[in-house]
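Here the structure is laid out as structure tokens; the discussion comes afterwards.
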Amino acid sequence: MDEVDKILIHSLRLSGTQVPEEVQSLQEFTTELIVESVVRCLRVIHPSLGTSLSHVLPPGMSARFRIGTSLAQACQELGYQAEVGYQTFLYSSVPEIRRLLLFLVEKLPRDDAEDARQPAGKSAGLLRAIAAKIKEELGTPWVPPACRTPRLQRLQGTCLLKPFHAHPLVLPRDSGPVERREFFGGFLPPVPAQPPRPGTVAPSLLERHVGDLGAQHDWEADWQSQGLASRLPPKEYVQWKHQRLRRRLLDQLRQAAPPHDTAGPPQPGARDLAELLSAGGAGGPLAKGSRFSHAQRLAHDQELVGQMQAVVETLVSSKTSEQEVQARQEEELAGLRGELQRLEAEMDAVGGEVKVLELSLSQAEAGLRQQRLALGGREQTLQVKSRALELLPQAENNLAKLQLLVESSAQRLVHLAAQWETRRGPLVDQYRHLRAARHSCQLESTRRVSEIQALHERGRSAATEARRKEELCRQLLTELESLPKDVSRAAYTQRILEIVGNIRKQKEEITKILSATRALQKEINSLTGKLDRTFAVTDELVFKDAKRDESVRKAYKYLAALHENCSQLIQTIEDAGAIQREIRDLEEQIESEGAKKTLANLERILSDYRALRQENAALLGRSRDP
Amino acid sequence: MAEPEIQQLLGVGLIEKDTNGDALWVWCYPSTTAEMRDLLLRKCCLTDENKLLHTFVFGQYRRSWFYITTVEVQDSSVLKKVTHFSIVLTAKDFNPEKYAAFTRILCRIYLKHGSPVKMMESYIAVFTKGICQSEENGSFLSKDFDARKAYLAGSIKDIVSQFGMETVILFTALMLKKRIVVYHPRIEVVQEFTRTLPALVWHRQDWSILHSYVHLNDDELEALKTCTGYIAGFIDSKVSNRLDLYDVCVNLADSEITISQQAKEAMTMGKLHKEIGQLIVQSAEDPDKSDSQVIKDISLKTKEILTNLASFTEVSDDGEKRTLNFEALKQKRYPPATENFLYHLAAAEQMLKI
């Protein structure tokens, strides 16, 4: 009970009650102390309930009475099941007080539960502080610039804002030629000095870091998912990706590039691109044509422009009369129109010529190709015919010989083919067998790759988990050191565990005793039964003979008396046992009543009752006299 | 003595697909270049997992024709690890029926014996004598398959029924030796369609412009670009984006014909073309006329046009060729579309003065 009291007192001290140092157990709690502790607990648990009550017990009896009832009501509202009334506080008994205070202390809100939910670590703390500050700043309403206080001006004005200009940073690398390494070693300024303005240092660092981090993440994600599956070493994998990208780009460009167009004025850029994609070939003559017409048009345009410029100059510089000017303008206009028509006609003619030339070119090319093919065919026939001519003199013989030759070479070819087959067959089989083996190896390696990926994942998660746990551990250790040392939890937990063990042992013993008792009772029951049955049998037996024989009658009487006495004995024993149980119960009751210090309370109640009556009388008197 | 037929066979090859899923080139005679091997692996349908089996495909690459027959192996006891195989025949001439029959025989031989040696015997027999024994107590005679029959095997009536008056666009393009690209997701449809197209210009009887199965692969497209005019069949729909490859694009799936921008000027059509178109449609719709008769009608009309054109030519200085006299043509004052067409036709028929 001491430990329980100590814990209670400690918790009450935490909740704000000023418990004096010498009070070590609930026995020594005065009424004032009880009331103060209950009120403070109520204030912590349920502020609305507790504020209306004062923790100082007033001297007046009725006021005390009132406080007692309101406290009892508050406790009942909180959910206290047992009987509570003003007497619990004013005329207290230790067990009741202990139960009530335990209930209230249980209800005290736990602070540590909230702490555990928040993530540990210094960075988490920093983030939390940042979040709180931002929340606070977001909460302040916007004020027009004219009405702002200096603090609000700092918050809401734009003077402190800096533009986010990032400057590329050069970080030293270990690889590369000697000169570069020298540069990195001796001449490269440190990173904070690299950006031109000091205001751009932070943005540049952020930008660089985010870029590097993003690239690292992307590479890891890509390598984990596709890179390992493709089974190439990293460099080859990167190359393969580049090639795939280039192919896709070419496809897209090809779809988007405009076709060859000799009708309208071709743009130089598009034409070059189309040339690039079609790789020359059939586009050649057409491209030439378009280049020609393009040059023509350009020359024509330039001429026109020159003429316009001349016209403008003449217009500007002339200072003669308006009519003369108009006449001259009209002349020039007619001249220019004629020029334009002439040029257009020229262009048409040239265009026609170009077409004719194109067609002739294609015709010539086709003719050339045909001639080449014909030449090839003719050469072959020439060879055959010359050989035939050589063999012609001995026509019959040669024909027969040729036949023989053809047959023999046919047979030889077949024979060679058979020989080749004997070599080829096993080789092909071996190849197929090896391919099958490779396929199964590949399956195996895919499985291993997936296992590796899973292991990677687990490793990563384990690393983050370990880091988090370390942080938590460190933080908890620091908290533990900062905690007050007056309450040693370890001793308490030890004691609790001991008590629990003891209780278990006792329970076992009780169960044992109960089972022994039960067995005993059963035995008693069976014996009683046996006794009754035996007596009944004996009685009958003896009674039968008792009518005839005198000694048997005597024996019968003795038997009956014996039975009677024994049953009385048993009865007495049972009564003695019952009385002993009663004695024990009454002793227990005496003890509990004794602890209630009823007499002292009764005296106090009587005195209080008298005081209350006096107060009532005084109040009555005061109310009667105005 | 009749003209002995020169054997046009170039080679034979065998591609197998095994239980590992690999398509391997396992045997060939006499030899093939690595380029041809890659090409033929692409053409035979064994390299792709979910492609359907095409029993017979043919095409042309740099003036040599390839014919591929693919067969699925049904748990044969002889060919243990093979699931499918293709027999590839390369030849110099265009004759799909002949080579289809021959490759089928070779397939059956291979299925039965499991060794290419027997195939080789038949191949050499056909190569030297033009005849070989087939498995079904018959024989394969290469002289049974005439080239002309191959040319006439396609159905011109089907083309006209699908495109109607637009067939005249195809006719014009072929006459002017333009580049035609045909697309359909199924290769059999493309092949059937493209093999019939050169029949519209029967007076040339030139099937070397036909490339019935082309992939969008750099080597093949390079080879294609060396020809001035061609008919190319594709099963990849992206070909319609390749404006550098065609003057006329035929989408068989949607029955659409588009003329590309650069060829619009040369392909302007007028009254003459309307005449030709009507003639073609009428002739094809006549249920009594057979395909060859329709082709004959078209070729008659073509001859008419060419004779008309020839009337404007004059003998050139060295007396060999006839070249076009442009002024004479101009004096006739044809409508501009017809004049344009005749002029381009002269260029195609090698009649321009250079």
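The table that follows gives values for the structure above.
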quantity: Neighbouring partner chain Cβ atoms per residue of A:359-372, average, 10 Å criterion; calculated: 4
quantity: Computed label-point distance, nm, for sites A:GLU324 and A:ARG438 using a 7 Å Cα→Cβ extension; calculated: 9.6 nm
quantity: Value at 222 nm in deg cm²/dmol, rounded to 500, when DSSP H runs of n ≥ 4 in chain B each add -39,500 (n - 2.57); calculated: -12000 deg cm²/dmol
quantity: Equivalent ellipsoid dimensions for the protein assembly as shown as semi-axes, Å, which come from the Cα gyration tensor, largest first; calculated: 112, 57, 29
quantity: Chain B: angle of helix B:34-43 to the longest principal axis, Cα-based, in degrees nearest 10; calculated: 90 degrees
quantity: Interface residues in the range B:232-265 - accessible area drops by 20 Å² or more relative to the isolated chain, probe 1.4 Å; calculated: B:ASN241, B:ARG242, B:LEU243, B:ASP244, B:GLN261, B:GLN262, B:GLU265
quantity: Probe 1.4 Å, protein heavy atoms only - accessible area per residue of chain B in square angstrom; calculated: 45 Å²
quantity: C-alpha center-to-center spacing [the range B:65-85, the range A:183-236] in angstrom; calculated: 56 Å
quantity: At least 20 Å² accessible surface lost relative to isolated chain, residues of the range B:332-354 (1.4 Å probe); calculated: B:TYR343, B:HIS344, B:ALA347, B:GLN350, B:LEU352, B:ILE354
quantity: Residue-averaged beta-carbon neighbours from other chains (10 angstrom radius) around B:117-127; calculated: 4
quantity: Average Cα contact separation per residue, chain B, under 8 Å, 6 or more apart, as relative contact order %; calculated: 13 percent
quantity: Note, ³J(HN,Hα) from phi for the range A:158-166, Karplus 6.51, -1.76, 1.60, rounded to Hz, x at Gly and Pro; calculated: 9, 5, 7, 6, 10, x, 8, 9, 9
quantity: Longest exposed-site-free window of chain A, the sites being GluC sites (Glu not before Pro) in a DSSP loop that have at most 13 other C-beta atoms within 10 Å; calculated: A:84-626
quantity: Whole-number accessible area per residue in Å² for chain A, which is evaluated in the context of all protein chains at 1.4 Å; calculated: 76 Å²
quantity: Once exposed loop trypsin sites (Lys or Arg not before Pro) are cut out (DSSP; at most 11 other Cβ, 10 Å), longest piece of chain A; calculated: A:320-484
quantity: Entries in B:LYS81/B:LYS143; B:LYS332/B:LYS353; A:LYS235/B:LYS17; B:LYS43/B:LYS81; B:LYS43/B:LYS301 that, when Cα-Cα distance is taken, lie over 27 Å; calculated: B:LYS81/B:LYS143; A:LYS235/B:LYS17; B:LYS43/B:LYS301
quantity: Prolate/oblate/rounded label for the range B:4-130 (Cα gyration tensor, a/c 1.5); calculated: oblate
quantity: The range B:221-263 and the range A:596-612: distance between their alpha carbon centers, rounded to Å; calculated: 118 Å
quantity: Residues of type lysines that A:LYS122 reaches as a straight line, Cα spacing below 19 Å, ignoring anything fewer than 8 places off in the same chain; calculated: A:LYS133, A:LYS469
quantity: Percent carbon-and-sulfur accessible area, the protein assembly as shown, ignoring ligands, DNA and RNA, probe 1.4 Å; calculated: 57 percent
quantity: In the range B:256-300, GluC sites (Glu not before Pro) in a DSSP loop with at most 15 other beta-carbon atoms within 10 Å; calculated: B:GLU265
quantity: Solvent accessible area, Å² - B:THR307, 1.4 Å probe, full protein context; calculated: 90 Å²
quantity: Kyte-Doolittle mean at least -1.0 and Cα axial length at least 30 Å: DSSP H helices in chain A; calculated: A:201-222, A:283-317, A:322-391, A:395-482, A:489-546, A:550-595, A:598-624
quantity: Entries of B:LYS157/B:LYS271; B:LYS98/B:LYS238; A:LYS401/B:LYS98; B:LYS98/B:LYS289; A:LYS507/A:LYS597 with Cα pairs more than 28 Å apart; calculated: B:LYS98/B:LYS238; A:LYS401/B:LYS98; A:LYS507/A:LYS597
quantity: FRET efficiency, A:TYR609 to A:GLN27 (Cβ-Cβ, R0 25 Å, nearest 0.05); calculated: 0.45
quantity: 17 Å Cα-Cα reach of B:LYS225 towards lysines, excluding residues that sit fewer than 8 places from it in its own chain; calculated: B:LYS177, B:LYS178
quantity: Pairwise burial B:A, computed as accessible area of each alone minus the pair, summed, 1.4 Å, Å²; calculated: 3200 Å²
quantity: Residues losing 30 Å² or more accessible surface upon assembly, the range A:414-446, compared with the chain by itself, 1.4 Å; calculated: A:VAL414, A:ALA417, A:GLU421, A:ARG424, A:TYR431, A:ARG432, A:ARG435
quantity: Residue-count net charge about B:GLY11 - beta-carbon cut-off 12 Å; Lys, Arg +1, Asp, Glu -1; calculated: +2
quantity: Shape call, the range A:178-231: gyration tensor on alpha carbons, a/c limit 1.5; calculated: oblate
quantity: Given chain A, longest segment not containing exposed loop chymotrypsin sites (Phe, Trp or Tyr not before Pro) (DSSP; at most 15 other Cβ within 10 Å); calculated: A:165-626
quantity: Under 16 Å from the Cα of A:LYS522 - aspartates and glutamates, other chains or at least 8 residues apart; calculated: A:ASP532, A:GLU574
quantity: Pair B:ALA310, B:GLN350: separation of 7 Å Cα→Cβ label points (nm); calculated: 1.6 nm
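The values are calculated or read from the model by the stated rules, or taken from the named source; none is laboratory data. Bear in mind the structure is a predicted one, so any value in this text is a computation, not a measurement. In this analysis, Cβ positions are derived from the backbone assuming ideal geometry, glycine residues included, and neighbour counts consider all displayed protein chains. Accessible surface areas use protein heavy atoms only, side chains included; no ligands, DNA or RNA. Shrake-Rupley method; radii C 1.70, N 1.55, O 1.52, S 1.80 Å.
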